[in-house]
Amino acid sequence: MSGNSGSNQMWGGRFAAGPSAIMREINASIPFDKALWRQDIAASKAHVAMLGQQGIVSHEDAALIAQGLDTVAGEYEAHGVPEDWDLEDIHMTTENRLAELIGPAAGRLHTARSRNDQVATDFRLWVRDAMDQMDAGLLALQIALVTRAGEHAASIMPGFTHLQTAQPVTLGHHLMAYYEMIARDRSRFADARARMNRSPLGAAALAGTGFPIDRFHTAAALGFDGPTDNSLDSVSDRDFALDYLMAAAQCSLHLSRLAEEFIIWASQPFGFVTLPDSLSTGSSIMPQKKNPDAAELVRGHSGRIVGCLTSLMITMKGLPLAYSKDMQDDKPPVFEAASLLALSVAAMTGMVAEARFRTERMRGAAELGYATATDLADWLVRQANIPFREAHHITGSAVKLAESRGIALDQLSLEDLKAIDTRIDERVYAALSVEASVAARCSHGGTAPAEVRKRVAQAREALGLHGFALEE
């Protein structure tokens with residue numbers, strides 16, 4: 001064996017040049033940070049415009065650089081960003097191409113900034129854009145939920161605790177529960193966006209710069225509320241990315257729960273819903289199967305998104321101020337989570353909008369599970385003035401009797417009920433139907449159809465859905 005092959009074995013077969021090849025590959029971020037090219041061009045244009053305004057570079061050079069950046073952007077748009085690992089990242093790739101286009105004037109672009117504040121700015125802009133895109137996606141999901149809830153404000157289904165039949169609810173009420181969850185998800189993204197909307201540009205490497213820059217100018221040009229107030233913090237923290245991932249992780253958990261509901265409802269023992277063909281697959285061996293693969297992948301994606309959050313948290317947990325190369329690994333988990341979450345939101349929006357709910361099957365399941373037992377107990381409290389704990393015991397006896405006969409509570413005869421407790425009279429039957437049960441839950445936020453319609457109307461108003469009549 002030659003000395004070279006032995007050396008190569010030590011470094012690994014891929015790295016023919018030994019340590020220098022390893023360093024070249026581990027140091028290069030262009031394969032993933034090229035996704036920041038739009039933000040990098042925008043931040044560079046804002047920076048050079050400010051340099052020209054402040055007289056730090058000539059107006060002629062500033063104009064030439066801006067024009068060159070537009071040309072680079074056009075090339076990226078048309079052909080993609082080239083990957084030259086020797087240039088390491090999107091920032092050097094752009095500056096190198098700019099120099100090829102306009103010559104030595106390109107070197108003035110990097111005056112009064114560092115790659116540290118440059119990447120912090122670009123990444124903030126990307127995360128801000130991702131938040132705006134996610135808000136639009138979640139709005140579409142809310143519209144789908146509200147629309148279907150309006151259609152099914154009075155459609156009765158079993159409500160569950162412990163996945164055991166508990167009380168009748170309406171499908172509209174059930175769907176509106178997810179509307180509320182998604183509303184909170186949108187608020188988390190909005191809070192994170194407001195908190196991170198400060199510009200790090202001009203913080204330079206870590207200590208600021210001696211050039212007479214105007215950080216307020218560049219902040220305003222990029223749509224920030226103002227510049228960050230500490231140069232060390234500006235380049236060294238990624239809490240804005242963690243805020244995004246935390247909101248994304250919570251949102252993915254809500255989507256996963258909604259996906260799980262559809263998976264259960266679509267199974268033959270439940271049969272509550274027929275999923276759209278466009279979001280289902282068949283089996284390679286069983287022709288009767290219609291698999292809820294899209295919903296299952298949404299459920300699976302939530303684990304990966306939570307993993308992205310954990311990854312960045314662990315990366316950041318012990319870093320001293322200011323910048324460390326570990327932080328190059330901040331972007332892949334954010335990019336991955338954003339892509340997965342966007343897919344998940346789109347899939348669940350389509351599922352909610354296009355699913356066919358089998359409302360008769362749902363209603364039948366609500367009747368079979370003694371879901372009106374609580375209504376019998378409540379009736380005993382209200383009409384017979386019986387303490388709730390005693391009423392609970394009486395109701396348990398009635399359920400046991402109905403169960404032994406394989407019938408619903410409202411199918412027990414009055415004689416049967418009086419044998420359990422003489423204080424029960426014929427008025428009780430008005431409380432034992434599933435329709436009576438849901439209608440009685442008319443407290444604020446309850447499942448009564450009238451209450452659901454009211455909440456749907458409020459939600460439509462909040463979402464700007466005017467001029468749409470609700471289903472009655």
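Is it fair to say Gly210 is open to solvent by less than 40 Å² (accessible area, probe 1.4 Å), more than 23 Å from Ala338 (Cα to Cα), small (Gly, Ala, Ser) and outside any helix (DSSP H, G or I)? No, not satisfied.
So is Ala166 among the hydrophobic types (A, V, I, L, M, F, W, C), touching a residue at least 24 places away in the same chain (Cβ under 8 Å) and surrounded by fewer than 17 Cβ atoms within 10 Å (Cβ to Cβ) or not? Considered against the rule, which asks whether it is among the hydrophobic types (A, V, I, L, M, F, W, C), touching a residue at least 24 places away in the same chain (Cβ under 8 Å) and surrounded by fewer than 17 Cβ atoms within 10 Å (Cβ to Cβ), Ala166 comes out as yes. In the set (1) assigned to a helix (DSSP H, G or I); (2) touching a residue at least 24 places away in the same chain (Cβ under 8 Å); (3) open to solvent by less than 50 Å² (accessible area, probe 1.4 Å), Ala377 fails one condition alone, (2).
The set of residues in segment 82-98 that are surrounded by fewer than 21 Cβ atoms within 10 Å (Cβ to Cβ) and farther than 14 Å from Leu109 by Cβ comprises Pro82, Glu83, Asp84, Trp85, Asp86, Leu87, Glu88. None of Ala459, Ala398 is open to solvent by less than 70 Å² (accessible area, probe 1.4 Å), part of a helix (DSSP H, G or I) and closer than 19 Å to His173 by Cβ except Ala459.
Within the bounds of segment 187-197, is there any residue that is in contact with a Gly (Cβ under 9 Å, 6 or more places away or on another chain) and either of a type in the set (Phe, Trp, Tyr) or buried (at least 21 other Cβ atoms within 10 Å of the Cβ) (or both)? No, segment 187-197 contains no residue that is in contact with a Gly (Cβ under 9 Å, 6 or more places away or on another chain) and either of a type in the set (Phe, Trp, Tyr) or buried (at least 21 other Cβ atoms within 10 Å of the Cβ) (or both).
Taken over segment 47-69, the criterion of being in a helix (DSSP H, G or I), surrounded by fewer than 18 Cβ atoms within 10 Å (Cβ to Cβ) and without any contact (Cβ under 8 Å) to a residue 12 or more places away in the chain is satisfied by His59, Glu60, Ala63.
The condition of being closer than 27 Å to Arg108 by Cβ and open to solvent by 20 Å² or more (accessible area, probe 1.4 Å) holds for Ala221. Here Ala347 does not fit the description of being touching a Cys at 6+ places or on another chain (Cβ under 7 Å) and open to solvent by less than 70 Å² (accessible area, probe 1.4 Å). The number of residues in segment 415-435 that are modelled with pLDDT of 85 or more and part of a helix (DSSP H, G or I) comes to 12.
The values are calculated or read from the model by the stated rules, or taken from the named source; none is laboratory data. Just so we're clear, the structure is a prediction, and the values are computed from it rather than from any experiment. Reconstructed Cβ throughout: ideal geometry from the backbone, glycine too, with neighbour counts over all protein chains shown. Each accessible area value is taken on the protein alone, full model and side chains, heavy atoms only, with ligands, DNA and RNA left out. Shrake-Rupley method; radii C 1.70, N 1.55, O 1.52, S 1.80 Å.
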